[in-house]
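**Student:** Sharing a structure, written as C-alpha cells. Questions coming.
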Amino acid sequence: MIGLALAIALVAIGYLRVLSTRTARRRFFARLCATCSTSLSAGESYRIEGRVLCAACADRVRRRLERVFWGVLAAAVVLSLFVIIGTWSLWKRGDPTWWMFPLFMIGSLGFLALLTAGALRFMKQENATAELLDRTRLQIELLQPRGLGKPGAGAGGR
Ligand SMILES: [Zn+2]
C-alpha cells in the first residue's frame, strides 16, 4: 500500500517536473522568467537548476537551496549522533549485534548519498540543455537580422 502510494507520488512529481520544464523552455525562448514570467532584460537573467530566472526569483531559489543545504547538514549531524549513541548504548547493554547498527545506518546513508548524486547529475544535465538552448537562440538571433535585413533594405531602396 505504502509502496503504491510512493510510486504514484513519484510519477506525479515526474509529470509536474516535465510540465514545468516545458513551461520554462517556452518562457526561455520568449525571454521571460521561468517562474514569474516577467520579461528579462539582457544581463539581468540568472541560470539556476537549468532555468533562466529574474533577479528576484533567482534570489528566492538561492535561499531555498541554502535552506536545503543547512537542513541536510543538520540531518547528517543528528543522524551521526543517533548512530554513536545508539551503538554505544547497545554495546553497553552487552548486545552482541551492536556492530550491525552502524553498518545498517552507514548503508542507508550510502543509499541516500547515491540518490543525491543522481539528483545532482540530473540538475547538471538540465543546465547543459539550457546552455545549448541559449547558444541556439543566440545563433538564431545572429542569423535573423541578416536574413530579414536584406529583403527589407531592398524594399526600402526601391
Ligand atoms: Zn521571476
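**Student:** Say we look at the stretch 18-67 and pick out the residues that are in contact with an Asp or Glu (Cβ under 8 Å, 6 or more places away or on another chain) and on the phi > 0 side of the Ramachandran plot; which of these is surrounded by the fewest Cβ atoms within 10 Å (Cβ to Cβ)?
**Tutor:** E49
**Student:** Between a first residue in the stretch 71-84 that is closer than 25 Å to T97 by Cβ and free of Cβ contacts under 8 Å to residues at least 24 places away in the same chain and a second residue that is part of a helix (DSSP H, G or I) and among the hydroxyl-bearing types (S, T, Y), which pairs have beta carbons less than 8 Å apart while being 6 or more apart in sequence or on different chains?
**Tutor:** Pairs found: none.
**Student:** Applying the selection to the stretch 50-101, what residues are under 30 Å from the mean Cα position of the chain (by Cα) and of a type in the set (F, W, Y)?
**Tutor:** Passing the criteria: F69, W70, F82.
**Student:** Does R63 satisfy being modelled with pLDDT under 80, basic (K, R) and either assigned to a helix (DSSP H, G or I) or within 12 Å of the ligand (Cβ to nearest atom) (or both)?
**Tutor:** Values: modelled with pLDDT under 80: no; basic (K, R): yes; either assigned to a helix (DSSP H, G or I) or within 12 Å of the ligand (Cβ to nearest atom) (or both): yes.
The answer is no for R63.
**Student:** Could you tell me whether the stretch 13-23 includes any residue that is at pLDDT below 85, closer than 24 Å to L132 by Cβ, hydroxyl-bearing (S, T, Y) and within 13 Å of the ligand (Cβ to nearest atom)?
**Tutor:** Yes - at least one qualifying residue is present in the stretch 13-23.
**Student:** Right, another one. Among the residues that make up the stretch 102-119, is at least one of them within 16 Å of the ligand (Cβ to nearest atom), closer than 22 Å to L19 by Cβ and within 19 Å of the chain's Cα centre (by Cα)?
**Tutor:** To start, the set of residues in the stretch 102-119 that are within 16 Å of the ligand (Cβ to nearest atom) comprises none.
Checked against the condition, which is being within 16 Å of the ligand (Cβ to nearest atom), closer than 22 Å to L19 by Cβ and within 19 Å of the chain's Cα centre (by Cα), the stretch 102-119 yields no hits at all.
The values are calculated or read from the model by the stated rules, or taken from the named source; none is laboratory data. Here the structure is a predicted model, which is why all the values come from computation and not from measurement. Cβ atoms come from the backbone with ideal geometry, glycine included; neighbour counts cover every protein chain shown.
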